Structures are given as structure tokens and as C-alpha cells.
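Computed from the coordinates by the stated procedures, all read-outs in this text should not be read as laboratory data. Computed from a prediction, not measured in an experiment: that's the story for all the values here. Here the Cβ positions follow ideal geometry from the backbone for every residue, glycine too, while neighbour counts run over all protein chains shown.
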Amino acid sequence: MMEEKGVLEQPIQLNLGCGERKLAGYINVDLHGSPDVRHDLEKTPWPWPDNSVTAVTLSHVLEHLGRDSELFFNIIRELYRVCRHQAQIVIRVPHPWHKDYLGDPTHVRPILPEGLALFSKKQINAWQAQGYGNTPLAHILDVDFEIIRVVNYYSPEWDAKLRSGVLSAQQVQQASEQYVNVIKEMEILWQVVKEDR
Ligand SMILES: C[S@@+](CC[C@H](N)C(=O)[O-])C[C@H]1O[C@@H](n2cnc3c(N)ncnc32)[C@H](O)[C@@H]1O
């Protein structure tokens, strides 16, 4: 009996730019070291079929990819192509205002939730309805990703102020809008939207 495409096929989980941190149950991919698959993520197409991937981890990787915007957009298009509707993408990145980001010469672009929101058709449509002219990247590239959750991880000294009650969560959040080295890293949960395809 033939498998119905996308239903009985084994879903794929990708740990892209895995480095030494391989994940069980994932295809661990990197340009260097001993991954399961050695692939340069800046080279497209990636070696997985359309709509084959249900989960992606990009831990401290996206800020290393696509110095040129067109190259970055190709990576985003490729991520969208291989993922299924509702695939979950966990993106972990250093905060662009933290010295961890600023001090590494292999970091080529800051990643912020505000930038990733440009790849959401729902968000772009809402902005357009309000008269805002944010670049409609979701429509230009014909991709669609929703931000489900953003978790900020504060640097130890700010985390200590928060935990001891010296500062409230709101005060630390306000500090992160004004000062460097407050948020150390962020974890963004991104979800693929393909329901109309
Ligand atoms: C900072 S390390 C993070 C490693 C691991 N994900 C972790 O969280 O510990 C970045 C990784 O991305 C990989 N990488 C950078 N550019 C890449 C590319 N174009 N294609 C594939 N992997 C790449 C590097 O080889 C490195 O292993």
C-alpha cells in the first residue's frame, strides 16, 4: 500500500548548527565537526523535502547566518519550505545589546522578535490596517511564521536583583530597553503557518 504523502511518513526534526550539542531524535546538522548531516545552511536547497519537518532547533545559530539580507531571506524561505503547517521552531540567540553578541566576530546579524515579526502575514496585515509601513517581508517572500512565545534570560547580576526583590519584573524589563548587558539571551518559539496551502 502506498503511503499517503505527509501522513504516514516519518516526521523529521532538525537541530540546525548543532555544534557539539547533538539532540536525540533529531537530525543534527552542521558545517563543521561530526554532525549526522554536514551541510552549509547558507547553501540552498537544503536536503529535505517540502513539508517534511515538524520541529527545528536553532540554538545560537541564526545570528551566524546570512550576512547579506538576500542570503538570509533564502534561509528563511528554505526553513519555510521544509516545514509542515504548525511546525515549531525554537530559536535561541544572544541579545544584540549583550557583549556576548557584540564580541563575537562570527555574528553577522542581530535577531530580535521585532525583526522576526516581519515574517508574519497576520502581523503585517494588522500593521497595514493601522497604517504602519513596516516592510511586509512575509508577503514579499511568501512565508508565514507566528511568534508564539519569547523568553528573556537576564544576565546573572540583573537576575539576582529580580530574584531578591530589589527590582520588579517591570523594572528589569524597563532597564533592558535602556541599558546594555541586561538580557543575556532570548528563546523565541516560532510556528509555521501553512493552513491555506
Ligand atoms: C555558537 S555555535 C552553537 C552550537 C550549538 N547549537 C549550541 O547551542 O551549542 C554555532 C554553530 O553554527 C554552525 N554554523 C555556522 N554557520 C553555519 C552554516 N553556514 N551552516 C551550518 N552550520 C553553521 C557552527 O559550525 C557552529 O557549530
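Two decimals, Cα atoms only, Kirkwood Rh: what is Rg/Rh over the chain? Reported Rg/Rh (Cα atoms, Kirkwood Rh): 1.00. Arranged from fewest to most other beta-carbon atoms within 10 Å of their beta carbon, Thr44, Thr57, Thr106 become Thr106, Thr44, Thr57. Share of pairwise Cα-Cα distances greater than 17 Å in the range 94-133 is 46 percent (whole percent).
Find how many whole Å separate the alpha carbon centroid of the range 42-100 from the alpha carbon centroid of the range 154-197. Using only Cα atoms to place each centre, the spacing works out to 22 Å. Each of the chymotrypsin sites (Phe, Trp or Tyr not before Pro) that DSSP puts in a loop and that has at most 16 other Cβ atoms within 10 Å breaks the chain; the longest unbroken stretch is 1-131. Would you mind computing the Rg to Rh ratio of the range 98-197 from its alpha-carbon coordinates, Kirkwood style for Rh? My calculation of the ratio gives 1.06. DSSP finds beta bridges in the chain, and of those with both partners inside it, around 50 percent are antiparallel.
A DSSP coil position with no more than 13 other Cβ atoms inside 10 Å describes the following trypsin sites (Lys or Arg not before Pro) in the range 63-166: Arg67. Comparing Pro94, Pro105, Pro156 in a Gaussian network model of the chain (Cα springs below 10 Å), the most mobile by mean-square fluctuation is Pro105. Counting neighbouring beta carbons within 10 Å and listing from fewest to most, the residues Ile27, Ile148 come out as Ile148, Ile27. Database remark: amide H of Lys184 closer than 5 angstrom to the amide H of Tyr153, Tyr154, Ser155 (H placed geometrically; neighbours at sequence offset of 5 or more, or on other chains; Pro and chain starts carry no H).
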